[in-house]
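Structure first, commentary second.
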Amino acid sequence: MPGEVAPQRSPARPPPLPGAAPKIRRPDPRPLGEIMIEAGSIGPDGLKEALAVQHLENERLGEALVRLKHCSEWDVCQALAAQFGLPSRELIEIGEVEDELIERLSIQYARTNSVVPWRLDSDAEELHVFAGDPLKLLDLDDLGQLYDAEVMVTLMPRSAVHELINKVYAKRAKDVDLEKKEEELDEEDEDILHASAEDAPIIRFVNSLIFNASKERASDIHVEPGDREVIIRNRVDGVLHETKRAPKAHHASIVARIKIMAGLNIAEKRLPQDGRIRRKIAGKEVDMRVATVPTAHGERITIRLLDKTAMALSLDAIGMASDHLRVVREVIHRPHGIFLVTGPTGSGKTTTLYSALSEINTPDLNILTVEDPVEYQLPGISQVQVQSKINLTFSAGLRSFLRHDPDVIMVGEIRDLETAEIAIQASLTGHLVLSTIHTNDAATGITRLVDMGVQPFLVASSLVALQAQRLLRRVCAACCEAYRPLPAELSEVGIDPERFFAGEHPLRAPLREEDGTVIPLAAPAGRRLPPPGHLFRAAGCARCHGSGYAGRTGVYEVLSITEDIRRLAIRNADSSEIKACAMEQGMRTLRDDGAHKVLIGMSTLDEVMRVTAEEA
């Protein structure tokens, strides 16, 4: 979203629209931040933080505020509308856009200028358009010449404009109908495969898979060949759902097209391959990792979508409660020791480590990482990609790092004894080491290192903290329903029913200040608390595609290595004993943190039970 600018002229203003902000008579000359503070959209601290980081990221003030979660795009849009003296609107139905206007304008122009013409008033010779970037208003004179009318601008959030562009141009395009393609393909003929992969229907079909997945905020696309059909499934907010099917006859063409896009060998079908696709989708840079593997019914492809613009590399933005943030921040600012993040694949471990590195990344620190793969480029940090074919493993990269005088080292994963021993050696010789390990909870991370063969006294002396985490779907704020839960449901997640219905703090392990004071329940920015004696449950609407959930947040369990925990580790105690000791010292478990997020209206009891099932 654009940031603070001074208008060069006051564009003409259209009449008020249904759902639009009140008509603005004149531009507001004040800075954008001042306008937003007066409107209550942001606070002074949020503005100060955004101003401090916007130049580092080469972005506008509005973009920085949205990225740091201090406000929504609509908040920035309304402030910009006030600053420019323009009306604004948050959403529009696709049916309100006149089709004949779209036919005369190229999609490239619409995307480049973030503009959608939607109504032409021939009598008044006025063309009404939605624009997402006030800095491009002077460039819209071309539209006036094209339609022979005066351009009347209404501001809309840029993401909403691009979504509208995609919808109206997709509606105009012909539907992809693979059923009508009758030619059968010889899977052994590379030339035919290459030619068929360039056919327009196949190209449109694959492009639509990627575009629709990006629009749904999917993290993965799975192309799964069956006996008679090819099934396409997307993973949205951690849950797979089927989106399309295609005839088996076109499987080879689809695979070939994806391989060509990823730079893979289309003739090789017997061995797994890995590649990468980079595309700009709806104005956003999306990086895709492509992996193929041969199965009984043909090659299966998984595409991992990495939206760089949606990656919030901030510990404040990943859902950590204040007590967990205090511990983690204290740990990552230590000069030496090991901080381990645990959890299954897809639980957000890498995002947590990237967020930690972004927070401590300063010119006076030498930070090196070895990853498999390097998912996001972090400025100012040297990142190494694991290359197993040339024996560049985690352990080899870590061993080499020690000769480069690092201050902080990040190891993508501790998988074996050699990597664990080098990491411990690095921590004991004055380096801070951040890494991940695959265990279900924090306490098991200690015993897992011992199981690998590391001596217990080395584990106890090098570890400073462990953090377990999961990703929890957030209930859709637009359609969530308040209901009165059953006492048994509350007890199952650790909420005391009597205290809950009495209006008291019902958690076994509530959030506490550093001095031990219990922190009262408070809804996060942009959300509301459930009514007293009620919780929220998922309902489903168009905005969340009927799932009842929109986006994800983290639930965390942070285990600090105290003297008591260290003694248990040295005598090789089991994980349940270590966990019990940590809970006695105030550690909140994954389920405790999930219960807190239910009470403040971020998620549902069903979702917490689903992601913390191993604690039952």
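Could you list all residues from the stretch 18-63 that are at pLDDT 85 or above and hydrophobic (A, V, I, L, M, F, W, C)? Those that are at pLDDT 85 or above and hydrophobic (A, V, I, L, M, F, W, C): 32, 35, 36, 37, 39, 42, 47, 50, 51, 61.
Do we find a residue being under 28 Å from the mean Cα position of the chain (by Cα), within 23 Å of residue 355 (Cβ to Cβ) and among the aromatic types (Phe, Trp, Tyr) anywhere in the stretch 528-545? I'd like the intermediate steps shown before the answer.
Kept after step one, since they are under 28 Å from the mean Cα position of the chain (by Cα), are these residues of the stretch 528-545: 528-530, 535-545.
Then keep just the ones that are within 23 Å of residue 355 (Cβ to Cβ); that gives none.
No.
For residue 334, the test of being surrounded by fewer than 17 Cβ atoms within 10 Å (Cβ to Cβ), charged (D, E, K, R) and not in a strand (DSSP E or B) is passed.
Only one of 535, 472, 463, 486 is modelled with pLDDT of 90 or more and touching a Pro at 6+ places or on another chain (Cβ under 7 Å); which? First the steps, then the outcome.
Numbers: 472 fails: touching a Pro at 6+ places or on another chain (Cβ under 7 Å); 463 fails: touching a Pro at 6+ places or on another chain (Cβ under 7 Å); 486 fails: touching a Pro at 6+ places or on another chain (Cβ under 7 Å).
The unique qualifying residue is 535.
Considering 108, 54, the condition of being closer than 21 Å to residue 281 by Cα, out of contact with any Pro (no Cβ under 8 Å at 6 or more places or on another chain) and open to solvent by 10 Å² or more (accessible area, probe 1.4 Å) is satisfied by 108 alone.
Kindly check whether there is at least one residue in the stretch 444-465 that is assigned to a helix (DSSP H, G or I) and within 28 Å of the chain's Cα centre (by Cα). The answer is yes, given that some residue of the stretch 444-465 is assigned to a helix (DSSP H, G or I) and within 28 Å of the chain's Cα centre (by Cα).
For the stretch 231-261, the tally of residues that are surrounded by fewer than 21 Cβ atoms within 10 Å (Cβ to Cβ) and either farther than 26 Å from residue 346 by Cα or small (Gly, Ala, Ser) (or both) stands at 5. None of 221, 266 is at pLDDT 90 or above and either assigned to a helix (DSSP H, G or I) or aliphatic (A, V, I, L, M) (or both) except 221. The condition of being under 19 Å from residue 238 (Cβ atoms), of a type in the set (A, V, I, L, M) and open to solvent by 30 Å² or more (accessible area, probe 1.4 Å) holds for only one of 609, 602, that being 609.
Residue count for the stretch 567-599, restricted to those that are open to solvent by 20 Å² or more (accessible area, probe 1.4 Å), of a type outside the set (D, E, K, R) and assigned to a loop (DSSP other than H, G, I, E, B): 3.
Those helices (runs of 4 or more DSSP H) of the stretch 59-113 in which 2 or more residues are farther than 13 Å from residue 160 by Cα and over 21 Å from the mean Cα position of the chain (by Cα) occupy 73-84, 99-103, 107-113.
The values are calculated or read from the model by the stated rules, or taken from the named source; none is laboratory data. All values reported here derive from a predicted model rather than from experimental measurement. Please note: Cβ atoms are built from the backbone with ideal geometry, for glycine as well, and neighbour counts cover all protein chains shown. Surface accessibility is based on the protein's heavy atoms, side chains included, excluding ligands, DNA and RNA. Shrake-Rupley method; radii C 1.70, N 1.55, O 1.52, S 1.80 Å.
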